[in-house]
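Participant: Right, I'll just put the structure down here and ask away after.
The values are calculated or read from the model by the stated rules, or taken from the named source; none is laboratory data. All values reported here derive from a predicted model rather than from experimental measurement. Because the Cβ atoms are built from the backbone with ideal geometry, glycine has one as well, and the counts that use them run over all protein chains shown.
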Amino acid sequence: MLFNFRNVGFIHLLFPNAKIIHTVRGFSDTLLSNFKYKFEDSGLEWSFSVAETVAYFAAYRRLMRHWEAVLPGRVTPVLRPPALNPSICCLSCFQY
């Protein structure tokens, strides 16, 4: 889900032994997607501006680096390939 990264701490409190998979998408892919799909009436007005998208993405990455540092071994990043090859991403998740 789009905003689950905000709830990593809460998820860890509820399920302290859970492994949390953080699928990482490249910034340029995120930016292109934001401009390809117009997210009207969804609370994503920040996605209409390059500057606001850059700021939001930077804040998201800072927060995820925090969780990866605070919860080592519980939060693992899995790179989402730009070519959208789901088998590579799924294999990484299953290996974790």
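Participant: Between a first residue in the stretch 32-60 that is among the aromatic types (Phe, Trp, Tyr) and a second residue that is surrounded by fewer than 12 Cβ atoms within 10 Å (Cβ to Cβ) and outside any helix (DSSP H, G or I), which pairs have beta carbons less than 8 Å apart while being 6 or more apart in sequence or on different chains?
Facilitator: Note: pairs meeting the criteria are Phe48/Lys38.
Participant: Now a separate question. Among the residues of the stretch 3-24, count how many are surrounded by 14 or more Cβ atoms within 10 Å (Cβ to Cβ) and not hydrophobic (A, V, I, L, M, F, W, C).
Facilitator: Summing the residues that are surrounded by 14 or more Cβ atoms within 10 Å (Cβ to Cβ) and not hydrophobic (A, V, I, L, M, F, W, C) in the stretch 3-24 gives 2.
Participant: How many residues, within the stretch 62-92, are of a type in the set (D, E, K, R) and either modelled with pLDDT under 90 or over 17 Å from Ala18 (Cα atoms) (or both)?
Facilitator: The qualifying residues number 3.
Participant: I need the full set of residues from the stretch 33-61 which are at pLDDT 80 or above, loosely packed, with under 12 Cβ neighbours inside 10 Å and under 22 Å from Arg80 (Cα atoms), in order please.
Facilitator: Selection gives Val50, Ala58, Ala59.
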